[in-house]
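Here the structure is laid out as structure tokens; the discussion comes afterwards.
The values are calculated or read from the model by the stated rules, or taken from the named source; none is laboratory data. This one's a predicted model, so the numbers in the text were calculated from it and none came from an experiment. So basically every Cβ, Gly included, is an ideal-geometry build from the backbone, and we count neighbours across all protein chains shown. When the accessible area is computed, the model is the full protein with side chains, heavy atoms only, and any ligands, DNA or RNA have been set aside. Shrake-Rupley method; radii C 1.70, N 1.55, O 1.52, S 1.80 Å.
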Amino acid sequence: MIAIQDLKRISDYEWEIPQTFRQDMRVPVRIFATRRLLEKVMDDKSLEQAVNAATLPGLVGRVVVMPDMHQGYGFPIGGVAATRYPEGVISPGAIGYDINCGVRLLATSIEYEEAKTLLGDLATALDHYCPSGVGEKGALRMSEKELDQVCREGARWTLKQGYATEMDLLRTEEGGCLEGADPSKVSPHAKERGRPQLGTLGAGNHFIEVDVVEQIFDAEAARVMGLEEGALALQIHCGSRGFGHQICTDYVREFQSAVKRYGIQLPDRELVCAPLNSPEGQNYLAAMRSAANYAFANRQMLAHNARIAFEQVFAGKVRDWRLRQVYDIAHNMGKIETHIIDGQEVKVCVHRKGATRAFGPGSPELPDEYRRIGQPVLVPGSMGTASWVLVGTESSMQRAFGSSCHGAGRVMSRQQAKKQVRGEALRQELEADGIRVRAGSMAGLAEEAPQAYKDVDAVVETVAGAEIARKVARLRPVAVVKG
Amino acid sequence: METYLSGYREVAHTADWELEVWAPTLAELLRQAARGMYALSGIQIADRPRLQRQVDLEASDAEGLLVAFLSELLYIGETEGLAFDQIEIEINHLTLHAELSGAPITKTDKEIKAVTYHNLSVHAENNLLRANIVFDV
């Protein structure tokens, strides 16, 4: 058990668990949190899991934990760990089952005031055009060959099919396609699960949300992103569906024997890993990239369908109903990146699980217009509460492998939420607050109740205070679609 | 759902779901885990048609067998839309053969993404086998 006294306070927003805390740690753990946020996680196993993560072979620098951290399975949610490439390891559990779970934000010029009476119709149309729910299948019936193309090409495949614009891809992490994906490293089970699900939202904490841009903090960055105060915006939160879940399941199972072969000792079997330069590590990397590309294509398909819904509701009623891409970003991903560590450029595999890439200004990976302001960081709040748009900073590059928080972070168990909250009552409460809700499952809705999450504003104040991201805009929800 | 000798119960977990299962044998432990997993998801099945499936698996230890079996049920649930209320399992030297009888799923409350190995240990306690399984949801 870890106590606050075991932590070294670096500043009001930063703490450290030194490497000496436990003998098997290879690097220290650096936590971005206020004392108040830290106290909230002392009862769960987030920090113990961060210490376990610090035992992975080949780690460099430090394991970083974001203020929206909470207990996961193996690796904490909100964790970032970088391993030296190519001799360090890659760990599927440190990326997560929902590979490239992420968020897309689209901006509009539709004024909230002129759209207010149409928001119910919009929620219904989004619910109709964007299939959601457990095991839901999409309208597209892909052949295995087409699925392989999606694996290799990601969102580029959707561009060829007419579901995307050049601007959509330009404003997507990695242009919507990770190089090095190889569908031959993906199991038939995964392919069977993935083929019918492209263009579906899924269930759990995934959602499509219509927001109004409530407050702008950085006028220039907001202008570059196309965010207008008082206008509607749309967020899509989902990942690689059963395709990614099965790929992670397959490789966590396979790596149980790989760790024995490579003589790797770990405190938790969910952290199993293999050297990046081993056949097992290479195979997982190629399969993981296939799932990441599937997820980029998935969010693109949902954006395409959301555009149809917007057109149906707003055409002829407002001047301009277009949805323009702001950015699309992953928060469960493993990426090969170069970072400065101890003054040296080092090529690493950055594992981000429930953490968002947040590259600062000047990063060559960003499109031209964002290279000046830094990469947009999308931080969805819990249902019914605010969401934030931030930008990455130079400081994040130096202290957090160019990463930031990904959301509010759970604070209450699903069991407790189910006991305390009735789905239907919550729906009525949200509707009374002017938030239209379309949900497939009332039990699922109850588990995602706002009180089950931390205060997203406190999380954002922390990353802003720590200067690993900068505030651009705050969004307020007005309609939510959930599976 | 629990009896003195075998059963399952939900344990609080901040983000995911945790199930505690216990049974006198490994085969019964897997059967209880399957029942518990279906109950957590709120799965309901139709009266008919009744459909049968067989599952054959191997693993290097009891935990591996448990994860593989439950993962296979998730796979069948998602690809065929089937769940099973009659589960017969034989295990010989970590080789599993299961005879499953069930029907099409009519309702699912919540989606389970995966069965994890997090702190998973099948261990004996007072002549019963026990395990805590964490699901990613």
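The residues on offer are A:G79, A:G102, and the sole one that is closer than 30 Å to B:V67 by Cβ, open to solvent by less than 10 Å² (accessible area, probe 1.4 Å), of a type in the set (G, A, S) and in contact with a Cys (Cβ under 9 Å, 6 or more places away or on another chain) is A:G102.
Are any of the residues in the range A:215-229 in contact with a Ser or Thr (Cβ under 9 Å, 6 or more places away or on another chain), among the hydrophobic types (A, V, I, L, M, F, W, C) and either crowded, with 19+ Cβ neighbours inside 10 Å or farther than 26 Å from B:Y75 by Cα (or both)? So far as the range A:215-229 goes, no, none of its residues is in contact with a Ser or Thr (Cβ under 9 Å, 6 or more places away or on another chain), among the hydrophobic types (A, V, I, L, M, F, W, C) and either crowded, with 19+ Cβ neighbours inside 10 Å or farther than 26 Å from B:Y75 by Cα (or both). For B:V134, the conditions (1) within 14 Å of another protein chain (Cβ to nearest Cβ); (2) in contact with a helix residue (DSSP H, G or I) (Cβ under 7 Å, 6 or more places away or on another chain); (3) assigned to a strand (DSSP E or B) all hold with the exception of (2).
Say whether the condition of being in a helix (DSSP H, G or I), open to solvent by 30 Å² or more (accessible area, probe 1.4 Å) and within 12 Å of chain A (Cβ to nearest Cβ) is met by at least one residue in the range B:90-105. Scanning the range B:90-105 turns up no residue that is in a helix (DSSP H, G or I), open to solvent by 30 Å² or more (accessible area, probe 1.4 Å) and within 12 Å of chain A (Cβ to nearest Cβ).
Filter the range A:82-99 for residues that are within 11 Å of chain B (Cβ to nearest Cβ) and either more than 18 Å from A:R269 (Cα to Cα) or open to solvent by 10 Å² or more (accessible area, probe 1.4 Å) (or both) and give the result. Answer for the range A:82-99, where residues must be within 11 Å of chain B (Cβ to nearest Cβ) and either more than 18 Å from A:R269 (Cα to Cα) or open to solvent by 10 Å² or more (accessible area, probe 1.4 Å) (or both): A:D98, A:I99. Determine whether A:P28 is touching a Cys at 6+ places or on another chain (Cβ under 7 Å) and not β-branched (V, I, T). Here the answer is no, as A:P28 does not meet what is asked.
Is there a residue in the range B:2-15 that is in contact with a strand residue (DSSP E or B) (Cβ under 9 Å, 6 or more places away or on another chain), modelled with pLDDT under 95, open to solvent by 10 Å² or more (accessible area, probe 1.4 Å) and more than 21 Å from B:N126 (Cα to Cα)? For the range B:2-15, residues in contact with a strand residue (DSSP E or B) (Cβ under 9 Å, 6 or more places away or on another chain), modelled with pLDDT under 95, open to solvent by 10 Å² or more (accessible area, probe 1.4 Å) and more than 21 Å from B:N126 (Cα to Cα): present. Suppose the filter is within 22 Å of A:F296 (Cβ to Cβ) and either part of a helix (DSSP H, G or I) or polar (S, T, N, Q) (or both); does A:L126 pass it? The answer is yes for A:L126. When restricted to residues that are in contact with an Asp or Glu (Cβ under 8 Å, 6 or more places away or on another chain), in a loop (DSSP other than H, G, I, E, B), surrounded by 17 or more Cβ atoms within 10 Å (Cβ to Cβ) and in contact (Cβ under 8 Å) with a residue 40 or more places away in the chain, the range B:110-128 contains 6.
Scanning the range A:428-454 for residues that are more than 12 Å from chain B (Cβ to nearest Cβ) and closer than 27 Å to A:Q71 by Cα turns up A:A449, A:P450, A:Q451.
Applying the condition of being more than 7 Å from every other protein chain (Cβ to nearest Cβ) and open to solvent by less than 20 Å² (accessible area, probe 1.4 Å) to the range A:247-271 and asking which residue is farthest from B:G64 (Cα to Cα) yields A:I247.
Set side by side, the residues A:L122, A:L140 differ, and just one is more than 14 Å from chain B (Cβ to nearest Cβ), touching a helix residue (DSSP H, G or I) at 6+ places or on another chain (Cβ under 8 Å) and at pLDDT 95 or above, which is A:L122. Exactly one residue out of A:A274, A:A287, A:A295 is crowded, with 16+ Cβ neighbours inside 10 Å and within 14 Å of chain B (Cβ to nearest Cβ), and it is A:A295.
Taken over the range A:25-46, the residue count meeting the criterion of being within 23 Å of A:C349 (Cβ to Cβ) and within 14 Å of chain B (Cβ to nearest Cβ) is 1. The residues of the range A:158-183 that are without any contact (Cβ under 8 Å) to a residue 24 or more places away in the chain, under 27 Å from A:E337 (Cα atoms) and exposed (fewer than 14 other Cβ atoms within 10 Å of the Cβ) amount to a single one, A:E166.
On the stretch given as the range A:38-78, residues that are touching a residue at least 60 places away in the same chain (Cβ under 8 Å) and closer than 18 Å to A:M397 by Cβ total 4. Among the residues making up the range A:401-420, a single one is open to solvent by 10 Å² or more (accessible area, probe 1.4 Å), at pLDDT 90 or above and within 14 Å of chain B (Cβ to nearest Cβ): A:H406. Taken together, the residues in the range B:49-77 that are assigned to a helix (DSSP H, G or I), over 20 Å from A:Y73 (Cβ atoms) and either open to solvent by 30 Å² or more (accessible area, probe 1.4 Å) or at pLDDT below 95 (or both) amount to 0.
Yes/no matrix, rows are residues, columns are (1) touching a His at 6+ places or on another chain (Cβ under 7 Å); (2) surrounded by 21 or more Cβ atoms within 10 Å (Cβ to Cβ); (3) not in a helix (DSSP H, G or I):
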| position | (1), (2), (3) |
| --- | --- |
| A:V350 | no, yes, yes |
| A:F359 | no, yes, yes |
| A:L366 | no, yes, yes |
| A:R371 | no, no, no |
| A:G384 | no, no, yes |
| A:V391 | no, yes, yes |
| A:E431 | no, no, no |
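Inspect the range B:34-54 for any residue being within 17 Å of A:T249 (Cα to Cα), in contact with a Ser or Thr (Cβ under 8 Å, 6 or more places away or on another chain) and facing chain A (nearest Cβ under 10 Å) and give the result as yes or no. No: the range B:34-54 contains no residue that is within 17 Å of A:T249 (Cα to Cα), in contact with a Ser or Thr (Cβ under 8 Å, 6 or more places away or on another chain) and facing chain A (nearest Cβ under 10 Å). The set of residues in the range A:52-76 being over 27 Å from B:I112 (Cα atoms), open to solvent by less than 10 Å² (accessible area, probe 1.4 Å) and part of a strand (DSSP E or B) consists of A:V63, A:V64.
Looking across the range A:125-137 at every residue that is modelled with pLDDT of 85 or more and open to solvent by less than 30 Å² (accessible area, probe 1.4 Å), the one that is farthest from the other protein chains (Cβ to nearest Cβ) is identified as A:A125. How about the range A:42-51: which of its residues are open to solvent by 10 Å² or more (accessible area, probe 1.4 Å) and either among the hydrophobic types (A, V, I, L, M, F, W, C) or in a strand (DSSP E or B) (or both)? Answer for the range A:42-51, where residues must be open to solvent by 10 Å² or more (accessible area, probe 1.4 Å) and either among the hydrophobic types (A, V, I, L, M, F, W, C) or in a strand (DSSP E or B) (or both): just A:M42.
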